[in-house]
Amino acid sequence: MRTSDLVRGKISTPVSITDGPGDKTPPSNIPGQTDFNTKKPPPDISPEHPPKQRMSPDKTLSAASGQNIYNSAINYLQEVRDRLPLSGKPLNLERPLRMIEQMIAEPSLADEMYQFTLSLEPGADFEISSSVNNMIYCLKIGIRMGYAPFNLTEICLAAMHHDIGMFLIPKAINVKAGQLTASELIEVKKHTETGRDLLRSHDPVYPNLSRAVYEHHERESGQGYPLGITGEKICEYAKIIGICDSYEAMTHNRPYKKAAAQYISVMELAETKNMFFAPHIVKVFLDELTMYPIGSYVRLNNKAVGIVIGTNRNNPFKPTVRIVSDGQGNRIPDERLIDLADNAILNIVSGISTEEVPL
């Protein structure tokens, strides 16, 4: 694999990365810790004492569907990208906060929105959708890890804005299909520092926001960037964003590579634990996104093809599937559902790509 794959978010062969500037001994990675360049204690962020700046969910979104919130997040980031080069003002987080707090208030929205992360239409704006997808993955993982509402808000803000620094990198570099040059790699790596600087003004309220954005390319064994820090020195939010970012990049088409099937990507991520990602986060990631995510296609041992519509936390290899074609490749017109956990005969032999699904 290419060195540039690691820089662009995809897992790759370890590379040597020069340490960047800054304090090399940040505090522990517990959510709520102070920013690594700050000595004063963080504000109290327990659910009983939320910051005064925290706002109620937007009433206009109170009856919104997951599709509406997903589209609103896409529109918000597109507007940020369009105006960012022209504005010297700090980012206004009012709009994303309302979306995120609505998602936290109605957890079912996370599952509904998850469906929209499973595919990327040709010509879609991956630079934008990848950040929205990352936010949804991080919300699901944060909920599973027992994060308090404030912590969920903070990690979702960080995930939504984790690649905001890429908006100021020349588009020709972002969409380049070939190998990045040494100078282009240096340019891409700057996006973590740029993103941190764009969000630092919000540190008094969200003390780990800019830090998580800055560190989301750091890896457990020190093979990431910009600092090359290891283990507990990396913010926990950044660790979660990092694995979600890798998964998102692996499962969606990019100008420089074709998407891999979800089950292949999940297995690759599982195999990298201890090297790239913290084992406890990998476990939660696998529990939450599963080996065969909802919306992925699978082939059964009778050669039928099905689409996963429900997962089984106790046995991720036995989801509920809707059969879409029989063993001869004929489409199934009726909705035939099979809970593989209750079926002693049928099982999954492989995941397949959408291109392999019979028309």
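Quick one: which residue in ILE348, ILE309, ILE294 is β-branched (Val, Ile, Thr) and more than 18 Å from LYS140 (Cα to Cα)? Break it down stepwise before answering.
On the way: ILE309 fails: more than 18 Å from LYS140 (Cα to Cα); ILE294 fails: more than 18 Å from LYS140 (Cα to Cα).
Matching residue, one of ILE348, ILE309, ILE294: ILE348.
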Legend entry - the range 302-326: number of residues that are within 12 Å of VAL357 (Cα to Cα) and surrounded by 13 or more Cβ atoms within 10 Å (Cβ to Cβ): 8
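How many residues, within the range 281-298, are closer than 30 Å to CYS235 by Cα and part of a loop (DSSP other than H, G, I, E, B)? Step through it out loud before you land on a result.
Let us first name the residues in the range 281-298 that are closer than 30 Å to CYS235 by Cα, namely 281-294.
Next, only the ones that are part of a loop (DSSP other than H, G, I, E, B) stay: 290-294.
Number of matching residues: 5.
Being in a loop (DSSP other than H, G, I, E, B), more than 17 Å from GLU154 (Cα to Cα), more than 14 Å from the chain's Cα centre (by Cα) and modelled with pLDDT of 80 or more is the requirement here; does GLY224 meet it?
When the stated conditions are applied, GLY224 passes them.
Each row is one residue, and each column tells you yes or no for (1) closer than 18 Å to LEU77 by Cα; (2) part of a helix (DSSP H, G or I); (3) polar (S, T, N, Q).
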| site | (1), (2), (3) |
| --- | --- |
| ILE155 | yes, yes, no |
| PHE167 | yes, yes, no |
| LEU185 | no, yes, no |
| PRO204 | no, no, no |
Legend entry - Failed item, numbered, when TYR147 is tested on (1) part of a helix (DSSP H, G or I); (2) buried (at least 20 other Cβ atoms within 10 Å of the Cβ): (1)
Legend entry - Candidate set: the range 327-355, residues that are β-branched (Val, Ile, Thr) and out of contact with any Ser or Thr (no Cβ under 9 Å at 6 or more places or on another chain); chosen: the one surrounded by the fewest Cβ atoms within 10 Å (Cβ to Cβ): ILE345
Inset, instruction - For residues that are closer than 14 Å to MET103 by Cβ and not hydrophobic (A, V, I, L, M, F, W, C), tally how many sit in the range 69-86. - result: 4
Legend entry - Residues within the range 164-184 that are without any contact (Cβ under 8 Å) to a residue 40 or more places away in the chain and within 21 Å of the chain's Cα centre (by Cα), tallied: 2
Inset, instruction - Scan the range 114-129 and give yes if some residue there is assigned to a helix (DSSP H, G or I) and buried (at least 23 other Cβ atoms within 10 Å of the Cβ), otherwise no. - result: yes
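Every residue, every condition in (1) of a type outside the set (D, E, K, R); (2) closer than 18 Å to TYR114 by Cα; (3) out of contact with any Asp or Glu (no Cβ under 9 Å at 6 or more places or on another chain); (4) not assigned by TED's automatic domain parsing to the domain that holds ILE240, yes or no:
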{"position": "VAL284", "(1), (2), (3), (4)": "yes, yes, yes, no"}
{"position": "ASN302", "(1), (2), (3), (4)": "yes, no, no, yes"}
{"position": "VAL305", "(1), (2), (3), (4)": "yes, no, no, yes"}
{"position": "PRO316", "(1), (2), (3), (4)": "yes, yes, no, yes"}
{"position": "THR320", "(1), (2), (3), (4)": "yes, yes, no, yes"}
{"position": "GLY329", "(1), (2), (3), (4)": "yes, no, yes, yes"}
{"position": "ARG336", "(1), (2), (3), (4)": "no, no, yes, yes"}
{"position": "LEU340", "(1), (2), (3), (4)": "yes, no, yes, yes"}
{"position": "ASN347", "(1), (2), (3), (4)": "yes, no, yes, yes"}
Inset, instruction - Among the numbered conditions (1) farther than 19 Å from THR251 by Cβ; (2) touching a residue at least 60 places away in the same chain (Cβ under 8 Å), tell me where ILE141 comes up short. - result: (1)
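Restricting attention to the range 189-221, which residues are of a type in the set (Gly, Ala, Ser) and over 15 Å from the mean Cα position of the chain (by Cα)?
Here is the first cut: in the range 189-221, the ones of a type in the set (Gly, Ala, Ser) are 195, 201, 210, 212, 221.
Listed by number, the residues that qualify are GLY195, SER201, SER210, SER221.
The values are calculated or read from the model by the stated rules, or taken from the named source; none is laboratory data. Remember, it's a predicted structure, so these values are computed and weren't measured experimentally. Virtual Cβ from ideal backbone geometry, glycine too; neighbours counted across all protein chains shown.
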